[in-house]
Amino acid sequence: MIVTKKAIPRRAVLRGLGATLSLPLLDAMVPAMTVLAATPAKPVKRLGVVYVAHGAVMPNWTPAREGATFDLSPILEPLAPFRDRLLVPSGLVNKVALHPPDEPGGVHGRTSGTFLTGVRVKPTAGRDFRAGVSIDQLAAAHFRDQTQLGSLELTLEATDLAGVCDPLFSCAYVNTLCWQGPTTPLPMVNDPRVVFERLFGDTGSTDPIVRQRRMHEDGSLLDSVMEKVVRLQHRVGSRDRAKVSEYLDAVRDIERRIQLSETQNDREIPLTDQPAGIPASFDAYAKLMFDLQVLAYQTDMTRVITFMISRELSSRPYPEIGLPETHHSLSHHLDEPEKLAKLTKLQTYQTRLLAYYLDKLKSTPDGDGTLYDQVVVLYGSGMSNSNTHDPSNLPILVTGGGLGRKGGRHIQVKDTPLSNLYLSVLNEVGVEATQIGDSSGVLTL
């Protein structure tokens, strides 16, 4: 037993040269009291949403068997290391995304605009768009007083909320999933440098020249606070020293990767409208954004992150995996075997990226477990058959702590609102909710 006079505050940060380095959850942050020497810091619940556009090739997504003995389908195969923590529900439907006969189409805007809200969107080409409050923002409101950032909204696509994407449908419906209120869509950030600065301090200017100059003047973020890091290491135990060392290595690696990408801005990349700071390689880009999410959770800067890997109507090609066609064009597959095979290849690549993220979460200590134990990750798309824009039998999975800890399984439901699953997910992370959009009750698992 040891008697501590005081603990390091849970919101402890190290400051230097305008930079702020938040600390991960350390055992030394246990409130001051008589404690066992090995008592770990108490972890907290977190919520992550990862969205992919244009559905899935459902025969290659859906496991053949129900229950705990289910076999992984071809698209889910990259998630084999996490099979025992996968919940795959089949039969969920998002009816509010259906196209009413008396309204314009807008199938893609309806798909993503309703995905996290369960509320039918208003057809409009102007700025009078209307949807509902998204589940991430319900969670953010619950955690907001406990974290520096209520939530993070991230994407790998363009971020403009203005203009028209679907005929007579605002781009707000496809360029974000997150709605703070029915008329308040939240922009999603696609620049890793901007995300990094939100987590660790910024230059006070969005001018790229000013930011570059400040970065060179200050040097590394870690260099600016290293003296305080050394002092901290003398104050904590060996377990915390190892945890801080791993965390600092991760911060420096991300900083190096962002700086490298900014020196390569003159290279030709597939999407010419990408802002500075985005790596030329899509694979490196996606993994960098996932790594930033891990840091955000690790430092408890936020407990809610929504990440849109691809947006509806995405024009991104994937030459990295041998697919020069754009995602949207492939999604209109007309049941042609060649296009279905290419879509399966793309969707399997996306679950490989998810596996990378889950592995990072699983290898990051948090309390007496890992981040993977404490975060509920919802992954999926707002349609199933992309050729018909079908919002029923959606490709959805849940993994991580919470629901996933009850064991891997494939469950079949019938004509059940997607919002019912959301009620279960929110309740699992400590958010009390009784109604979300068109929900009819908590999904019985």
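Any read-out appearing in this document is the output of simple, stated calculations on the displayed coordinates, not a laboratory observation. Just so you know, these numbers come straight off a predicted model, no measurement behind them. Cβ coordinates were reconstructed from backbone atoms using ideal geometry, including for glycine residues, and neighbour counts include every protein chain displayed.
From the Cα gyration tensor of region 332-445, with a ≥ b ≥ c the square roots of its eigenvalues, which class applies: rounded if a/c is under 1.5, or else prolate if a/b is larger than b/c, or else oblate? Cα axes put region 332-445 in the oblate bin.
Charged side chains reduced to their Cβ positions (Lys and Arg at +1, Asp and Glu at -1) give region 52-128 a dipole of some 200 debye around its Cα centre. Converting phi to 3J(HN,Hα) with the Karplus coefficients 6.51, -1.76 and 1.60 and the offset θ = phi - 60°, region 65-72 yields 10, 8, x, 6, 9, 5, 9, 6 Hz in sequence order, with x at every glycine or proline. Mind scanning Lys243/Lys360; Lys42/Lys243; Lys339/Lys360 and naming the pairs with a C-alpha gap bigger than 21 Å? Cα-Cα > 21 Å for Lys339/Lys360; rest within. Annotation for region 295-332 versus region 53-115: alpha-carbon center distance of 16 Å.
For region 370-436, a Kirkwood hydrodynamic radius built from all Cα pairs, placed in the Stokes-Einstein relation at 4 °C and 1.567 mPa s, yields a translational diffusion coefficient of 98 µm²/s.
In sequence order, region 335-351 has phi-based couplings of 6, 6, x, 5, 5, 4, 5, 5, 4, 4, 4, 5, 5, 5, 4, 5, 6 Hz under the Karplus curve 6.51 cos²θ - 1.76 cosθ + 1.60, θ = phi - 60°, and Gly or Pro positions carry x. Site pair Ser329 and Ser363 shows an inter-label distance of 3.7 nm when each label is modelled 7 Å from Cα along Cα→Cβ. Can you bin region 305-354 into rounded, prolate or oblate? Criterion: square roots of the alpha carbon gyration tensor eigenvalues sorted a ≥ b ≥ c, rounded for a/c under 1.5, prolate for a/b above b/c, oblate for the rest. Prolate is the answer for region 305-354, as a/c is 1.5 or above and a/b outweighs b/c. Peptide packing: for 320-330, 302-312, 150-160, the average count of neighbouring Cβ atoms within 10 Å per residue gives the ranking 302-312, 150-160, 320-330, highest mean first.
For Leu152, the residues 5 or more places off, or on other chains, whose built amide H falls under 5 Å of its own are Val304, Ile305, Thr306.
Give Lys95/Lys345; Lys287/Lys345; Lys95/Lys122; Lys95/Lys287 a once-over and call out the pairs whose C-alpha atoms are over 24 Å from each other. Among Lys95/Lys345; Lys287/Lys345; Lys95/Lys122; Lys95/Lys287, the Cα-Cα distance tops 24 Å for Lys95/Lys345; Lys95/Lys287.
Contact order, relative form, for region 274-413: 16 percent (alpha carbon pairs under 8 Å, 6 or more residues apart, mean separation divided by residue count). Among Lys42, Lys342, the ranking by other beta carbons within 10 Å of each residue's beta carbon, starting with the fewest, stands as Lys42, Lys342.
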